[in-house]
1. Grab the other residues whose beta carbon is less than 15 angstrom from that of GLY72, score K and R as +1, D and E as -1, and report the net.
2. When the helices in the chain are scored as -39500 (n - 2.57) per DSSP H run of 4 or longer and the sum is shared across all residues, what 222 nm value do you end up with, to the nearest 500 deg cm²/dmol?
3. What percentage of the solvent-accessible surface of the stretch 45-88, computed with a 1.4 Å probe over protein heavy atoms, is contributed by carbon and sulfur atoms?
4. Among the trypsin sites (Lys or Arg not before Pro) within the stretch 91-174, which fall in a DSSP loop and have no more than 12 other Cβ atoms within 10 Å of their own Cβ?
5. Quick check: the angle from helix 99-111's long axis to the longest principal axis of the chain, C-alpha only, nearest 10 degrees?
6. Work out the charge dipole of the chain with +1 on the Cβ of Lys and Arg and -1 on the Cβ of Asp and Glu about the Cα centre, then indicate which of TYR76, ASN171, HIS115 is farthest towards its positive end.
7. Test of the criteria: in the stretch 1-72, which chymotrypsin sites (Phe, Trp or Tyr not before Pro) are in a DSSP loop and have at most 12 other Cβ atoms within 10 angstrom of their Cβ?
8. Can you grab the distance from the C-alpha centre of the stretch 99-128 to the C-alpha centre of the stretch 18-95, Å, no decimals?
Amino acid sequence: KDLRQGISLNKKNVRAYQGLGEIYEQQKDYDRALDSYLKAVELAGGRGGLPDIERRMANLRKVYAEDLHRQGRQDYRGGKEKQALQLWTQALKFDPDFVAALRDRGLTYHKGGKHQKAVEDFDAALEKDPSNAEIYRVRADANYKMKEADKALADYNKPLQLNPKDAVACNNRG
């Protein structure tokens with residue numbers, strides 16, 4: 001309350017916005033926390049003006065993305081695939097490098113028959129984590145469903161290159 005009053009008296013009060021962001025962060029109101037921190041950074045002269053807050057914002061984006069991802073997994077397990085997709089998409093807006101969100105969204109697209117969208121997510125995930133055998137296996141299956149046999153075979157082979165004793169990869173190759 002006092003911070004909001006301080007802001008109403010002085011719209012350029014960097015510390016008030018920073019404090020408000022901290023309160024929202026403690027309350028797990030990540031959207032409002034990020035908005036408050038962003039306003040503090042803008043008032044401090046933009047990027048580089050408040051390096052501690054900028055680091056905090058970067059960390060908060062990851063925490064928020066993880067929270068959204070967790071919610072998406074709960075919705076998915078509860079049969080709410082559409083809501084899960086929305087949550088994973090939102091998580092990726094906060095952390096575009098979040099491999100688990102890309103993987104889970106891709107798996108859901110694949111399960112729903114949207115194989116091209118699935119492959120796009122798997123491609124993005126593999127750019128960030130090229131040693132993830134699981135993603136190669138599911139991308140192979142999506143490529144196979146799209147009648148891309150050469151791509152599917154290359155993806156079925158990749159887990160074996162990463163780990164020659166990968167039993168699942170051996171079974172997938174037939």
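The values are calculated or read from the model by the stated rules, or taken from the named source; none is laboratory data. All values reported here derive from a predicted model rather than from experimental measurement. Neighbour counts are summed over all protein chains in view; Cβ atoms, including those assigned to glycine, are modelled from backbone coordinates with ideal geometry. The protein model used for the area step is the full one, side chains on, heavy atoms only, and it has no ligands, DNA or RNA in it. Shrake-Rupley method; radii C 1.70, N 1.55, O 1.52, S 1.80 Å.
1. +2
2. -25500 deg cm²/dmol
3. Answer for the stretch 45-88 is 45 percent, counting heavy atoms of protein chains only.
4. LYS147, LYS165
5. With rounding to tens, the tilt is 50 degrees.
6. After comparing all options, I get TYR76.
7. Here no chymotrypsin sites (Phe, Trp or Tyr not before Pro) fit, given the DSSP loop and packing criteria.
8. For the stretch 99-128 versus the stretch 18-95, the Cα centre distance is 22 Å.
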